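Here's the structure we're looking at; comments come further down.
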Amino acid sequence: MALARVDNYKLGEKNAFLGIIGNVFLFAVKLAAGIAGRSQAMIADAFHTASDSATSLGVLIGFKIASRPADDHHPYGHGRAESIMAKLVAIVLIGVGLGIAYSSARVLVSGEFEAPGRIALIVAVISIVVKELVYRRVVSAGKSIGSSSLKADAYHHRSDAISSVAALAGIAAARMGKPFMDPLAGIIVAGFVVKMGIEAFHEAYDELMDAAPPDELRKKITDITLTAEGVLTVKKVMVRKAGIDLYPEITIGVDGEKKVKEGHLVTMKVKQELCRRMNNLKDIVVHVEPVKVNGR
C-alpha cells in the first residue's frame, strides 16, 4: 500500500472521529437546552445531532475496513466498504429527516404550543457556528481524498447546521408570539435533511454500480495519458471507484509498426505518468491498439 493511500485513510479516520466527539457534546447540550427551554425544534435538532454521531462512527468503521490490504478472498481490496458505509449514512439521514417531520407535525397538529426559553435560542446559535465549521473541515477532507462516505458525513454536519438555523428561526418566532413556528421549523428542517440524504445516497449508489466517472476526471486522465511518449491517441477511459481508490482502464493507440515489447514499454510510461500526477490510482490497466502512421 502506498504511503499516500495510508495517509488518506488516516485523514478520513481523523475527521470521522472529530465528528463523533463534536456531535456527542452538541447532542447533550441541545437536548438539555430543548428540555429546559421547552422547544420541540431544539429537541428534534438534538436527535438529528445524535444521528450524526452514529453515522460518523459508521464512517470511521468503514475507513478501518477499507484500509485493509487485498487478500485471497478480496483480491481488489476492501475499498467498497467505504462506499457501502456512505450508502448507509445516507439512508440514516433520510430516516432522521422523516422522523423529525413526523414528530414536529404531531406537535403542530395537536396545537399544544409553548413559547421556548432563551436557552434554546442561545444553543441554536452555538450549534450553527460549530456545525458549519465542522462541515467545512470534513467536506474539504472528503474532497481531497475522494471519499464519498466522508462527504456524506459532511453533508450530515451541514444538514445539522441548517437544522439549527431553522430551529433558531422557529424558536425566535415562537418567543415573539407565534408558538406554532417552533414545530413548523422542525418540518422545514426535515425537508433539508431528506434532500441531503437523497443526494448522498445517489452518489454512493453510483459508486457501487460503477457509474461513469465525472467528465473532468476522464479528461484529466486522457490529457495525462497523451503526454506519455509513444501514445498517439486515447480511445477509451473507464474508471471504477472503490472507496477512495480509483481503478482506471484505458485504451490507447500506438504506432502499429511497433513490436509487442515496445508497445508494453509505452503502457509502462502511461502508468508512471498517471501515478506521478494523480492520487489514489490503483491497478491501472492499459490496453494497446495499433494505429496507422503516415499511411503505414
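For residues in segment 224-268 being farther than 30 Å from A66 by Cα, small (G, A, S) and not in a helix (DSSP H, G or I), which is nearest to the chain's Cα centre (by Cα)? Show your work before the answer.
Within segment 224-268, the subset farther than 30 Å from A66 by Cα is 226-235, 252-266.
Checking the rest, the ones that are also small (G, A, S) come to 228, 230, 253, 256, 263.
Narrowing further to those that are not in a helix (DSSP H, G or I): 228, 230, 253, 256.
Details: A228: 33, G230: 38, G253: 36, G256: 44 Å.
Step by step, filter segment 224-268, then rank; the result is A228.
Pull up segment 256-296, narrow it to residues that are in contact (Cβ under 8 Å) with a residue 40 or more places away in the chain and more than 30 Å from H78 (Cβ to Cβ), then point me to the one that is surrounded by the fewest Cβ atoms within 10 Å (Cβ to Cβ).
R296
Kindly evaluate K178 against the criterion of being modelled with pLDDT of 75 or more, over 20 Å from R136 (Cα atoms) and of a type in the set (K, R). Steps first, please.
Numbers: modelled with pLDDT of 75 or more: yes; over 20 Å from R136 (Cα atoms): yes; of a type in the set (K, R): yes.
Answer is yes for this residue.
Residues that are under 16 Å from G34 (Cα atoms) and among the polar types (S, T, N, Q): does segment 122-138 have at least one?
In the first step, residues of segment 122-138 are kept if they are under 16 Å from G34 (Cα atoms); the result is 122-128.
Going one step further and asking which of them are among the polar types (S, T, N, Q), we end up with 127.
Looking for residues that are under 16 Å from G34 (Cα atoms) and among the polar types (S, T, N, Q), one finds at least one in segment 122-138, hence yes.
Which pairs do you get when a residue that is assigned by TED's automatic domain parsing to the domain that holds N280, found in segment 79-91, comes within reach of a residue that is small (G, A, S), reach meaning Cβ atoms under 7 angstrom, with the pair 6+ apart or on two chains?
From segment 79-91, no pairs qualify.
Check off (1) surrounded by 22 or more Cβ atoms within 10 Å (Cβ to Cβ); (2) under 16 Å from A46 (Cα atoms) for K151 and give me the number that stays unchecked.
The single condition K151 does not satisfy is (2).
Suppose we keep only residues that are charged (D, E, K, R) and closer than 25 Å to K87 by Cβ within segment 17-63. Which one would you say is farthest from the chain's Cα centre (by Cα)? Please lay out each step first, then the result.
Within segment 17-63, the first condition is being charged (D, E, K, R), and the residues that meet it are 30, 38, 45, 52.
Checking which are closer than 25 Å to K87 by Cβ leaves us with 45, 52.
On the way: D45: 21, D52: 13 Å.
So the residue we want is D45.
Looking at I224, I244, can you tell me which residue is touching a residue at least 40 places away in the same chain (Cβ under 8 Å), under 30 Å from V59 (Cα atoms) and among the hydrophobic types (A, V, I, L, M, F, W, C)?
Working: I224 fails: under 30 Å from V59 (Cα atoms).
Step by step, each of I224, I244 is checked, and only I244 is touching a residue at least 40 places away in the same chain (Cβ under 8 Å), under 30 Å from V59 (Cα atoms) and among the hydrophobic types (A, V, I, L, M, F, W, C).
Among the residues that make up segment 202-209, is at least one of them at pLDDT below 90, within 29 Å of K64 (Cα to Cα), surrounded by fewer than 18 Cβ atoms within 10 Å (Cβ to Cβ) and aliphatic (A, V, I, L, M)? I'd like the intermediate steps shown before the answer.
Let us first name the residues in segment 202-209 that are at pLDDT below 90, namely 202-209.
Add one more test, that the residue is within 29 Å of K64 (Cα to Cα), and what stays is 202-209.
Retained after the next criterion (residues that are surrounded by fewer than 18 Cβ atoms within 10 Å (Cβ to Cβ)): 202, 205-206, 208-209.
Applying the additional criterion that residues be aliphatic (A, V, I, L, M) yields 208-209.
Looking through segment 202-209, at least one residue is at pLDDT below 90, within 29 Å of K64 (Cα to Cα), surrounded by fewer than 18 Cβ atoms within 10 Å (Cβ to Cβ) and aliphatic (A, V, I, L, M).
Inspect all residues belonging to segment 128-149 and state whether any of them is touching a helix residue (DSSP H, G or I) at 6+ places or on another chain (Cβ under 7 Å) and assigned to a loop (DSSP other than H, G, I, E, B).
yes
Only one of (1) at pLDDT below 80; (2) part of a loop (DSSP other than H, G, I, E, B); (3) not aromatic (F, W, Y) is not met by M196, so which one is it?
Failed condition: (2).
Determine whether segment 114-127 contains at least one residue that is within 22 Å of the chain's Cα centre (by Cα) and surrounded by 19 or more Cβ atoms within 10 Å (Cβ to Cβ).
So in segment 114-127, the residues within 22 Å of the chain's Cα centre (by Cα) come out as 127.
Going one step further and asking which of them are surrounded by 19 or more Cβ atoms within 10 Å (Cβ to Cβ), we end up with 127.
Yes, some residue in segment 114-127 is within 22 Å of the chain's Cα centre (by Cα) and surrounded by 19 or more Cβ atoms within 10 Å (Cβ to Cβ).
If you go through segment 132-161 one residue at a time, how many are at pLDDT below 80 and over 10 Å from the mean Cα position of the chain (by Cα)?
Selection size over segment 132-161: 2.
Can you tell me which residue among R38, R106, R68 is touching an Asp or Glu at 6+ places or on another chain (Cβ under 9 Å) and surrounded by fewer than 21 Cβ atoms within 10 Å (Cβ to Cβ)?
Working: R106 fails: touching an Asp or Glu at 6+ places or on another chain (Cβ under 9 Å); R68 fails: touching an Asp or Glu at 6+ places or on another chain (Cβ under 9 Å).
Among R38, R106, R68, only R38 is touching an Asp or Glu at 6+ places or on another chain (Cβ under 9 Å) and surrounded by fewer than 21 Cβ atoms within 10 Å (Cβ to Cβ).
Confirm whether S104 is more than 30 Å from M181 (Cβ to Cβ), modelled with pLDDT under 85 and touching a Leu at 6+ places or on another chain (Cβ under 8 Å). Break it down into steps so the answer makes sense when it comes.
Values: more than 30 Å from M181 (Cβ to Cβ): no; modelled with pLDDT under 85: yes; touching a Leu at 6+ places or on another chain (Cβ under 8 Å): yes.
No.
Go over the candidates M176, M181, M268 one by one and state the one that is farther than 30 Å from R38 by Cα and either touching a helix residue (DSSP H, G or I) at 6+ places or on another chain (Cβ under 7 Å) or of a type in the set (A, V, I, L, M, F, W, C) (or both). Please lay out each step first, then the result.
Numbers: M176 fails: farther than 30 Å from R38 by Cα; M181 fails: farther than 30 Å from R38 by Cα.
Just a single option satisfies the conditions, and that option is M268.
The values are calculated or read from the model by the stated rules, or taken from the named source; none is laboratory data. From a predicted model like this one, the values you see are computed outputs, not experimental measurements. Positions of Cβ are generated from backbone atoms using ideal geometry, with glycine treated the same way; all protein chains shown enter the neighbour counts.
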